[in-house]
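J.: Sharing a structure below in structure tokens format, with a few things to ask.
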Amino acid sequence: MKPPSTGTERHRSRTRARGPATALAAVAAATAVALNLAIPAQAASTLKAAAEARGRYFGTALTRGDLGISAEVNLAAAQFDMVTPGNEMKWDATEPSKGSFNFGSGDQIVSFAQSHGMRVRGHNLVWHAQLPAWVGGVPLNQVQGVMENHITTEATHYRGKVYAWDVVNEPYNEDGTLRQDVFYKAMGSGYIAAALRAAHAADPNAKLYINDYNIEGINAKSNGLYSLAQSLLAQGVPLHGIGLESHFIVGQVPSSLQANMERFAALGLDVAITELDDRIQMPADSSELQQQGTDYGRVVNACLAVPRCVGVSQWGVDDGHTWIPGTFPGYGAPMMWDSSYQPKAAYQAALSALNSGTSSPSQSPSQSPSQSPSQSPSRSPSASPSSSPSSSPSSPVPGACSATIKTINSWGGGFQSEVTVRAGSSAVNGWTVKWAWPGGQTISSLWNGVSSGSGSSVTVRNESYNGSIAAGGSTTFGFTANGTAATPTATCTSP
Ligand code: G2I
């Protein structure tokens, strides 16, 4: 696949003077000074330690070739706690001819990960690309059997060894319709449910994802996937997560990234940044490298703001080993380390974002996935959007805060709501929202807030990371509840 460039082509001199080592050292030193002032004494010094302290993982993609490059793997082992095989688990590598399976290369990646205390994201089971030619020659009425055999054999081989599978990779066109690949031609959109079901039967503890690119922001493509996810969950299909590849162009991280992750999370799905890189038209200058740091920090902060965002993976380690120049000639430098394995502003920004607060997701991904996804509270309560979302009245109070409860989804016996907490004419530093349930409703799960209270009285306080709201600004928290959907009037106080 080739994620389309969304960037504006720019013309620039190739002879620009560069002083990467000194420039980066200065950036690193300046950032370190800033970090020492801004973060607590126990700040972690690696991405994985900092991510784990926030209940997330930080991962990388590695190929079998990378395993032979000691500087690269040493850095990977020191900094990351999740590995995605770059190519080794794809169909062309694992079933190059019909019924003949080869897991040797994938096994090497898994062994490397296990011997370094890293987990594995399996990538991938069904994809239109890196698909051996023989699959295209299978009669359409046999494609489902071939697909299910491939999934069953591979997911069984790796059963218990992968944290998550990208079961279906890149199924969407840019306009939000499904690609007309061999799987679609044989089974229509039903191939996605069939693939997820086969993977779940083979490895019931693996988190099962649909993974795609250009779905990071709210757009036609992510809208198509969002509708499909709703429909799959309503049918009880074992879909557990959405992978946002995140192959960005410097300065172009979508502003709706967090909101987009939130809407998938609100369906009861995990979300993950699965293939992060941030390419720059070469040669990269210092302001672009700074912007890249801003981009990485934004991506990490967006993940931290969404409790169901389980982790971030970069698609590689260093600028010397990346797919970018091969696919986007003239572009490069997309990673957190340069080609001499020196940390860039992007690394400092990612680490700083991870170290600058505390929060915990709904389930710590640093633990082995011992819980069957099918037992997860997120397993769909057949959520369907309520036909007419309703909300409680809201009237901003000068100098204080206000809160509005809105119903997002409802289903038989339960509902999901979003609460917007809005600052008045002054900034708010810490907030408490209270309401009373009118008809015996009970909250079953709540995110982006800390709840207490008993009986019909509910009290929700801010998390450490969302207590500060600028004057006129807002933040949201969400919950699912048992009972009939209700939008009681909420009060908001700020100390
Ligand atoms: O294209 C970037 C990524 C987009 N999302 C799905 C990922 O699976 C994909 O990864 C890349 C790998 O990083 C590349 O290494 O997928 C490419 C293929 O679509 C991989 O490139 C291929 C080369 O194009 C082939 O020439 C080569 O034989 O890698 C193959 C194995 O080394």
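The values are calculated or read from the model by the stated rules, or taken from the named source; none is laboratory data. Please read all numbers here as calculations on a predicted model, not as lab measurements. Cβ coordinates were reconstructed from backbone atoms using ideal geometry, including for glycine residues, and neighbour counts include every protein chain displayed.
J.: Could you check the range 90-107 and list, in sequence order, the residues that are within 15 Å of the ligand (Cβ to nearest atom) and either among the charged types (D, E, K, R) or surrounded by 16 or more Cβ atoms within 10 Å (Cβ to Cβ) (or both)?
T.: Residues satisfying the conditions are 90, 91, 92, 93, 94, 105, 106.
J.: I'd like the full set of residues that are assigned to a helix (DSSP H, G or I), polar (S, T, N, Q), touching a Lys or Arg at 6+ places or on another chain (Cβ under 9 Å) and over 18 Å from residue 52 (Cβ atoms), limited to the range 75-134.
T.: 105, 108
J.: Among the residues of the range 151-161 satisfying the criterion of being of a type outside the set (A, V, I, L, M) and either more than 16 Å from the ligand (Cβ to nearest atom) or within 14 Å of residue 128 (Cα to Cα) (or both), which is surrounded by the most Cβ atoms within 10 Å (Cβ to Cβ)?
T.: Here the residue is 158.
J.: Name the single residue that is nearest to the ligand (Cβ to nearest atom) among those in the range 208-237 being among the hydroxyl-bearing types (Ser, Thr, Tyr) and farther than 15 Å from residue 166 by Cβ.
T.: 222
J.: Is it true that residue 27 is among the β-branched types (Val, Ile, Thr) and either at pLDDT 50 or above or under 25 Å from the mean Cα position of the chain (by Cα) (or both)?
T.: Taking the combined requirement at face value, the residue does not satisfy it.
J.: Taking the range 238-285 as the search range and keeping residues that are among the charged types (D, E, K, R) and more than 16 Å from the ligand (Cβ to nearest atom), which one is farthest from the chain's Cα centre (by Cα)?
T.: 285
J.: Which of (1) surrounded by fewer than 19 Cβ atoms within 10 Å (Cβ to Cβ); (2) hydrophobic (A, V, I, L, M, F, W, C); (3) modelled with pLDDT under 80 is the odd one out, the single condition residue 446 does not satisfy?
T.: Evaluating residue 446 over (1) surrounded by fewer than 19 Cβ atoms within 10 Å (Cβ to Cβ); (2) hydrophobic (A, V, I, L, M, F, W, C); (3) modelled with pLDDT under 80 leaves (1) as the failure.
J.: Starting from residues that are within 14 Å of residue 162 (Cα to Cα) and touching an Asp or Glu at 6+ places or on another chain (Cβ under 8 Å), keep the ones in the range 62-88 and report whichever is farthest from the ligand (Cβ to nearest atom).
T.: Applying the filter and picking the extreme gives 81.
J.: For the range 111-155, give me each residue that is in contact with a helix residue (DSSP H, G or I) (Cβ under 9 Å, 6 or more places away or on another chain) and of a type in the set (Lys, Arg).
T.: Once the filter is applied, which keeps residues that are in contact with a helix residue (DSSP H, G or I) (Cβ under 9 Å, 6 or more places away or on another chain) and of a type in the set (Lys, Arg), the range 111-155 yields only 119.
J.: In addition: Please indicate, with yes or no, whether at least one residue in the range 115-128 is within 12 Å of the ligand (Cβ to nearest atom), touching a strand residue (DSSP E or B) at 6+ places or on another chain (Cβ under 8 Å) and β-branched (Val, Ile, Thr).
T.: Scanning the range 115-128, I find no residue that is within 12 Å of the ligand (Cβ to nearest atom), touching a strand residue (DSSP E or B) at 6+ places or on another chain (Cβ under 8 Å) and β-branched (Val, Ile, Thr), so the answer is no.
J.: In this structure, is residue 345 modelled with pLDDT of 50 or more, farther than 20 Å from residue 166 by Cβ and under 18 Å from the mean Cα position of the chain (by Cα)?
T.: no
J.: Any chance you could count how many residues in the range 254-278 are free of Cβ contacts under 8 Å to residues at least 60 places away in the same chain, touching a strand residue (DSSP E or B) at 6+ places or on another chain (Cβ under 8 Å) and not in a helix (DSSP H, G or I)?
T.: Going through the range 254-278 one residue at a time, the tally reaches 4.
J.: Filtering the range 294-321 down to residues that are assigned to a loop (DSSP other than H, G, I, E, B) and crowded, with 23+ Cβ neighbours inside 10 Å, which residue is farthest from the ligand (Cβ to nearest atom)?
T.: Only one residue fits best here, namely 307.
J.: For the structure I just gave you, tell me whether residue 372 is more than 16 Å from the ligand (Cβ to nearest atom), within 18 Å of residue 80 (Cβ to Cβ) and modelled with pLDDT under 95.
T.: no
J.: Residue 142 passes all but one of (1) within 23 Å of residue 212 (Cα to Cα); (2) more than 16 Å from the ligand (Cβ to nearest atom); which number fails?
T.: Only one criterion in (1) within 23 Å of residue 212 (Cα to Cα); (2) more than 16 Å from the ligand (Cβ to nearest atom) is unmet by residue 142, namely (1).
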